[in-house]
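Trainee: Before we start, here is the structure in question, set down as structure tokens.
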Amino acid sequence: MSIADDLEKLEALRTNGTLSEAEYLTAKKTLLSENIPHAEHPPQASGIQSVDVNTWCLLIHLSQFCGYLLPFAGLVVPIILWQIRKNEAEIIDQHGKVVVNWIITEIIYFVISFILVFLIIGIPLLLALIVASIAFPIIGAIKANNGEVWRYPMSFKFV
């Protein structure tokens, strides 16, 4: 049965006096809200659930630690995860951009700190970078699991 048929039945019931004007309007509103998508009830992006979105965002942040297992995996894996799912939900795209921006910023900070090692000041800078490269992905993953986007401090915006 189509929406038009249901509306005709409601109109006939109102005309016969079976439904009052208030009952008719309530039934019509209910019928239309069930069959016509509204901005109040947006469909999930590509059928992906919010828990899955949060999990993907969490994995994008934590995948930076893959670099401790395989060289350069901490650079490549987050980008691959982001590229696989970025079109499915806007928040995944935002988290991927945050992580990529941090990776690029981290490389820049490493090069500068390495050069400054010869002036002694680079040693504490490298230690601070190591602490940040461990703490920031963990904090970002926790925030992602809660559905929040957290921009890493001191991160440049490239993407």
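Computed from the coordinates by the stated procedures, all read-outs in this text should not be read as laboratory data. This structure is a prediction, so every number in the text was calculated from the model and none was measured.
Trainee: Report, in degrees rounded to the nearest 10, the 0 to 90 angle that the Cα long axis of helix 90-116 makes with the longest principal axis of the chain.
Mentor: Approximately 10 degrees, to the nearest 10.
Trainee: Which angle between 0 and 90 degrees, to the nearest 10, do you get for helix 122-145 versus the longest principal axis of the chain when only C-alpha atoms count?
Mentor: The two axes meet at around 20 degrees.
Trainee: Using a Gaussian network model on the chain with a 10 Å cutoff between Cα atoms, which of Asn146, Asn16, Asn54 fluctuates the most?
Mentor: Answer for the Gaussian network model of the chain: Asn16.
Trainee: So how compact is the chain: Cα radius of gyration and Dmax in angstrom?
Mentor: 26.2, 93
Trainee: In a GNM of the chain with a 10 Å cut-off on Cα contacts, which of Phe136, Phe72, Phe118 has the highest mean-square fluctuation?
Mentor: So, out of Phe136, Phe72, Phe118, the one fluctuating most is Phe118.
Trainee: Moving to a separate point now. Would you mind checking the radius of gyration and Dmax of region 73-138 based on alpha-carbon positions, in Å?
Mentor: According to the Cα coordinates of region 73-138, Rg and Dmax are 14.4, 47 Å.
Trainee: Still on this model: May I ask you to list the lysines whose Cα is less than 17 Å away from that of Lys86, ignoring any residue fewer than eight positions away on the same chain?
Mentor: Lys97
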